[in-house]
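Remarks on the structure that follows.
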Amino acid sequence: MERTKLKINLKPLDDLFSTQEERDNANAEKIVRISIKDIENFPNHPFKVELNEEILESIKEKGIIHPVIVRPKNNGKYELISGHRRKKASEKLNLDTLPCIIRELTDDEATILMVDSNYQRERILPSEKAFAYKLKYDAMVHQGKRTDLTLCQLGTKSITAKELGKDFGDSERTVFRFIRLTFLIPELLKLVDNSVLKDKDLLSIALTPAVEISFLTLEEQKHLLDYIDCYQITPSHAQAIELKDMSLDKTFSVEKMKDVLDVSKPNETPKLKVSMNRLSHILPTTLKNDREREEYVIKAVEWYDKYQKKLKEKQLQER
């Protein structure tokens with residue numbers, strides 16, 4: 001005669017002597033204070049950690065209201081996932097500890113959470129968005145979404161890119177365009193950031209031509225940067241496509257690049273082209289940047305113009 005096997009689920013001994021509320025609290029994430037010296041920033045953090053007086057004053061008055069998120073490291077310290085501005089503000093205010101939520105996360109989980117938590121900012125620069133997309137994209141692919149993807153301007157159909165773009169309101173094509181920006185040298189990428197800043201005096205490159213330029217080799221990009229610095233003009237989309245085609249065809253040269261860029265763009269404001277080599281021995285060394293140098297040259301020209309007018313008036317009076 002067969003015995004019937006009964007499955008009996010026995011509760012842990014602790015559960016027999018605790019309430020449901022106590023058990024829920026035990027499983028809930030706790031906020032603990034951790035020394036700031038023991039919290040290391042997330043490696044290759046793509047977002048700029050900028051502070052303003054409003055953030056500092058808020059922390060002075062109320063302290064850190066929202067705890068940061070960290071994960072434990074093998075060296076006994078913690079890695080910061082979310083809250084880099086709060087940490088930097090606390091360091092500036094000479095605080096010793098931070099309220100933290102500790103989470104056990106894999107590298108991929110930590111990367112995805114770090115990007116998601118920073119994407120709520122009011123303004124995100126193209127460079128920040130580019131490297132954030134690249135980090136999260138790589139993490140999602142590594143988790144097993146897809147591994148047969150290639151990067152191009154038009155993008156490649158993939159579930160990963162669609163999911164990534166959907167989260168932040170961008171199309172799959174736009175996701176791959178931003179990822180392409182990570183192939184730019186830092187100086188050119190800064191010009192792309194300038195395109196979203198409300199400063200008409202800043203030289204800038206729009207997203208679309210920047211994507212084309214990203215296909216140039218690093219050496220070719222440096223030649224392009226030299227030209228931009230010298231003549232203070234940036235390529236149009238059509239010009240950028242020509243440069244890209246020359247690079248891919250292995251026919252790129254500095255002379256051909258100049259031939260392409262010397263053609264005036266439609267509606268372009270005429271600009272005086274002066275090599276800095278001619279001015280380097282004249283301009284004061286105390287001038288810190290191109291804007292200060294430009295202002296100095298303009299004032300010098302204005303002064304010279306007034307001097308010439310006074311000289312003519314004097315010559316007329318002497319006659």
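The values are calculated or read from the model by the stated rules, or taken from the named source; none is laboratory data. Remember, predicted model here, so these are calculated numbers, not experimental data. Here the Cβ is made from the backbone with ideal geometry for all residues, glycine too, and neighbour counts use every protein chain on show. SASA here: full protein model, heavy atoms, side chains in, ligands and nucleic acids out. Shrake-Rupley method; radii C 1.70, N 1.55, O 1.52, S 1.80 Å.
Does the range 194-208 include one or more residues that are in contact with a His (Cβ under 6 Å, 6 or more places away or on another chain) and either open to solvent by 10 Å² or more (accessible area, probe 1.4 Å) or without any contact (Cβ under 8 Å) to a residue 24 or more places away in the chain (or both)?
If we filter the range 194-208 for residues that are in contact with a His (Cβ under 6 Å, 6 or more places away or on another chain), which is where we start, we get 208.
After this cut, where a residue has to be either open to solvent by 10 Å² or more (accessible area, probe 1.4 Å) or without any contact (Cβ under 8 Å) to a residue 24 or more places away in the chain (or both) as well, the list is 208.
Scanning the range 194-208, I find at least one residue that is in contact with a His (Cβ under 6 Å, 6 or more places away or on another chain) and either open to solvent by 10 Å² or more (accessible area, probe 1.4 Å) or without any contact (Cβ under 8 Å) to a residue 24 or more places away in the chain (or both), so the answer is yes.
Conditions: (1) surrounded by 11 or more Cβ atoms within 10 Å (Cβ to Cβ); (2) within 23 Å of ARG121 (Cα to Cα). LYS62 meets all but one. Number of the miss?
Going through (1) surrounded by 11 or more Cβ atoms within 10 Å (Cβ to Cβ); (2) within 23 Å of ARG121 (Cα to Cα) one by one, LYS62 breaks only (1).
Only one residue in LYS222, LYS200 is basic (Lys, Arg), more than 20 Å from ALA132 (Cβ to Cβ) and part of a helix (DSSP H, G or I). Which one?
On the way: LYS200 fails: part of a helix (DSSP H, G or I).
The match here is LYS222.
Looking only at the range 69-90, count every residue that is of a type in the set (Val, Ile, Thr) and under 12 Å from GLU40 (Cβ atoms) and tell me the total.
First pass over the range 69-90, keeping only residues of a type in the set (Val, Ile, Thr): 69-70, 81.
Add one more test, that the residue is under 12 Å from GLU40 (Cβ atoms), and what stays is 70, 81.
Residues that pass the stated criteria total 2.
Quick one: which helices (runs of 4 or more DSSP H) sit completely within the range 233-312 and have at least 1 residues that are modelled with pLDDT under 80 and not β-branched (Val, Ile, Thr)? Give the steps one after another, and end with the answer.
Details: elements: 237-248, 254-261, 276-279.
Because the criterion is at least 1 residues that are modelled with pLDDT under 80 and not β-branched (Val, Ile, Thr), the helices (runs of 4 or more DSSP H) in the range 233-312 that meet it are 276-279.
How about the range 28-83: which of its residues are of a type in the set (Gly, Ala, Ser) and within 26 Å of the chain's Cα centre (by Cα)? It would help to see each step written out before you state the result.
Taking the range 28-83 first, the residues of a type in the set (Gly, Ala, Ser) are 28, 35, 58, 63, 76, 82-83.
Matches in the range 28-83: SER58, SER82, GLY83.
So how many residues does the range 73-112 have that are of a type outside the set (A, V, I, L, M, F, W, C) and part of a helix (DSSP H, G or I)?
Of all residues in the range 73-112, those of a type outside the set (A, V, I, L, M, F, W, C) come to 73-79, 82-88, 90-92, 94, 96-97, 99, 103-104, 106-109, 111.
Next cut, part of a helix (DSSP H, G or I) only: 84-88, 90-92, 107-109, 111.
Selection size over the range 73-112: 12.
So, in the range 27-55, of the ones that are under 14 Å from GLU91 (Cβ atoms) and modelled with pLDDT of 90 or more, which residue ends up surrounded by the most Cβ atoms within 10 Å (Cβ to Cβ)?
ILE39
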